[in-house]
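The values are calculated or read from the model by the stated rules, or taken from the named source; none is laboratory data. Since the model is a prediction, treat every value here as computed from it, not as a measurement. Note: ideal-geometry Cβ built from the backbone for every residue, glycine included; neighbour counts use all protein chains shown.
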Amino acid sequence: MTPAWTFSPSNLQIQASDTVTWVNMDDSDYHDSVSSQGIWDSGPVDYLGSYSLQFPVTGTFPYADSFYDQYGMMGTIVVKPATLIPPPLLTNALTLANGFQFSVTNLIVTRTNILQASTDLVNWTAIYTNVATRTGYTYLDTRPAVQRRFYRALVLPYTAVPQPLLTNALAVTNGFQFSVTNLIVSKTNILQASTNLVNWTAIYTNVATKTGYTYLDTRPAVQRRFYRALVLP
């Protein structure tokens, strides 16, 4: 929901069971998302407010902003069948003096996988969580070998989104300057500030056109402020 009375992107293709989140980036007015087929109605969404909806079935779903549809503020979501995720494999099991070792393979890079253990095949406990940077790794369980344990690995059905980084902090004569990096082009990121690490205020919102930018905070330098950047899903 943009100040130009558009949805960005206006046409979106997703997979079944994906969730779409609309965020109002217009600081001058309310917007909403209303299904042309009567499936959903977000109600008015205020500035930096959001509305999320999961799409469990395939199909084409047109929608509009009821305040500005006459100006062309419309969009379409196309939901395709979900791609089957190949399960991780556990191989090369080996009993060692200091525990039990095996390989976890068939991983998808950037996806989160969880390794679990059980003694009865009913109750499972997570023993390791990993965002895959390669297709496999070796795990050593140092729990006592006399306790029989079963293992399984699960992959979460979403891709980990890299978070923005704040670097090159510098106090200058007219404020405090730093770089925001590691952005994903076309993703919305929000820069926030706080004086107590509890209450955070949005000070800048940006739809990334490149992977980083420099920000200058002109608030009085004598006021201690903390900063963080978030990327919207």
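Report yes if residue 8 is among the hydroxyl-bearing types (Ser, Thr, Tyr) and either over 18 Å from residue 189 (Cα atoms) or without any contact (Cβ under 8 Å) to a residue 40 or more places away in the chain (or both), otherwise no. Against the criterion (among the hydroxyl-bearing types (Ser, Thr, Tyr) and either over 18 Å from residue 189 (Cα atoms) or without any contact (Cβ under 8 Å) to a residue 40 or more places away in the chain (or both)), residue 8 does not qualify. Looking across the stretch 21-48, the residues that are over 24 Å from residue 187 (Cβ atoms) and out of contact with any Pro (no Cβ under 9 Å at 6 or more places or on another chain) come down to 34, 38, 39, 41, 43, 44. Taken over the stretch 41-86, residues that are part of a strand (DSSP E or B), of a type in the set (A, V, I, L, M) and in contact (Cβ under 8 Å) with a residue 40 or more places away in the chain amount to 5.
Residues in the stretch 174-190 that are farther than 23 Å from residue 224 by Cβ, surrounded by fewer than 16 Cβ atoms within 10 Å (Cβ to Cβ) and touching a Lys or Arg at 6+ places or on another chain (Cβ under 9 Å): 185 alone. Only one of the numbered conditions (1) more than 23 Å from the chain's Cα centre (by Cα); (2) at pLDDT below 90; (3) of a type in the set (Phe, Trp, Tyr) is violated by residue 200, and that is (1). Checking each residue in the stretch 27-47 for being within 22 Å of the chain's Cα centre (by Cα) and either surrounded by fewer than 19 Cβ atoms within 10 Å (Cβ to Cβ) or among the small types (Gly, Ala, Ser) (or both) picks out 33, 42, 46, 47.
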